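The values are calculated or read from the model by the stated rules, or taken from the named source; none is laboratory data. Fair warning: this is a prediction, and the values are worked out from it, not measured in the lab. In this analysis, Cβ positions are derived from the backbone assuming ideal geometry, glycine residues included, and neighbour counts consider all displayed protein chains. Only protein heavy atoms, including side chains, enter the accessible area calculation; ligands, DNA and RNA are left aside. Shrake-Rupley method; radii C 1.70, N 1.55, O 1.52, S 1.80 Å.
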Amino acid sequence: MKGFQRIILLSIIGTYLVILAGSIVRGTGSGLGCPDWPRCFGQWIPPMDVSELPENYKEIYKISGKTIADFDPFKTWTEYINRLLGVVLGFFIVLLFIFSFRLRRIEKNVPWFCAGLLALILVQGGVGALVVSTHLKPFLITIHMFLAIVLLFGLLYLRKYCEDLEDTAIVQPVDGRALLFSRILVGLTFFQVLLGTQVRQAVDHLTRDTNTYTYENVISGMGAIFYVHRTFSLVIIGTFLYLLLYFHRTRFNRGAFFTTLLAFFCVLGNVGTGIALNYFGFPANAQPPHLFFGVMTLGLLYSLTLSLRGTLLDD
């Protein structure tokens, strides 16, 4: 069981790293750094210099009939490292599936759950290939992010479930109010993260497809979605403050209080990087931490919800 739980932990870390790498790819505009999939410029190890490519490489590697940009080794290797991290994560999920059969005598549902995670990572890889082959279709990028968060939730659930299998201690009583508001926060934050991908899609569309806006003035062309995204963060902060005050007053679960506090700091980091994106022309180095803080908040909140529910063995 301990070895299996270590693989779960590595998979969770790997999922966070893949999401962070993906946000770096998006922020630096490296999504088409490798114009083909699964190889990169027809090679398993991508080139370091344009001299390693044929003279007509732009014609060879057209995407959806569109000529690719000039070769940029930074963007190519940024995208390639993102793919490598995805492969490593897939390897961990395969290991989870294989080793889960050792636990079927303890809990017969674990192999089935791991099979679901394996299917999910395969679908995720397929969507990633479609993102490249369709020249970064915005709705596919959103689906890609959605599936990554679902995978993270699945791994966090599996980790808690395995901990409950080993823990024979008396289950603490459920705090219904805290559980309710933690679930509300998960829903609000999930919606906010997905709304953020829509904002980014609008930014990319206005600056790349219409060619009528720059990053400095793009907010004026986005309409209501940007202001909804920005204002919605105040709702999340207010709900966080209520839950923190509730935990502080009841002193029912100090561990839950500190988990919520850590998630709240991530929210503040998310807001801070959001302000940088708003007032400094969407700098590329602010987008990765902005998304990463949001996903970290989601992971912590979902872990909090699982903890407040008590044991998962009765599900």
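For the pair Leu261 and Val50, the difference between a 0.36 nm per residue extended length and the Cα-Cα distance amounts to 71.1 nm.
The candidates Leu206, Leu152, arranged from most to least accessible area with a 1.4 Å probe in the full protein assembly, appear as Leu206, Leu152. Sorting Arg105, Arg254 by accessible area puts them as Arg105, Arg254; the probe is 1.4 Å, largest comes first, and only protein heavy atoms count. Would you please state which residues of region 235-268 a label at Phe191 would reach in this model, taking the label point 7 Å out along Cα→Cβ and a backbone N cut-off of under 13 Å? Zone members listed by number: 235-237, 239.
Rolling a 1.4 Å probe over the protein chains gives Met1 an accessible area of about 50 Å². Per-residue ellipticity at 222 nm computed for the chain from its helices equals -24000 deg cm²/dmol, with DSSP H segments shorter than 4 residues left out and the rest contributing -39,500 (n - 2.57). Note on Arg230 and Asp70: the extension gain reaches 54.1 nm, defined as 0.36 nm multiplied by sequence separation minus the Cα-Cα distance.
In this label model, Trp112 and Phe280 are separated by 5.0 nm, measuring between points 7 Å along each Cα→Cβ vector.
Counted by Cβ distance under 12 Å from Gln287, the other residues give a net charge of +1, where Lys and Arg count +1 and Asp and Glu count -1. Helix 138-166 and the long axis of the chain differ in direction by around 30°, with both axes built from C-alpha atoms.
Note on the chain: lysine pairs with Cα distance below 23 Å, sequence gap of 8 or more or different chains, count 11.
Using only Cα atoms, find the angle between the long axis of helix 73-100 and the longest principal axis of the chain, and express it within 0 to 90 degrees, rounded to the nearest 10. Compared with the principal axis, the helix lies near 30 degrees. Charging the Cβ of each Asp and Glu at -1 and of each Lys and Arg at +1, and nothing else, the dipole of the chain about its Cα centre rounds to 840 debye. In degrees, nearest 10, range 0 to 90: what is the angle between the Cα axis of helix 287-308 and the longest Cα principal axis of the chain? Its long axis makes an angle of about 20 degrees.
Accessible area per residue (1.4 Å probe, heavy atoms of protein chains only) ranks Arg39, Arg251 as Arg251, Arg39, with the largest value leading. Between Glu59 and Arg254, the modelled label-to-label distance comes to 7.2 nm, taking each label 7 Å out from Cα in the direction of the beta carbon. Keeping all protein chains in position, work out how much accessible area Lys2 exposes to a 1.4 Å probe, and write it in Å² to the nearest 10. Probe radius 1.4 Å; accessible area of Lys2 about 120 Å².
Look at where the Cα atoms of region 113-157 and of region 21-76 average out, and the two centres are 22 Å apart.
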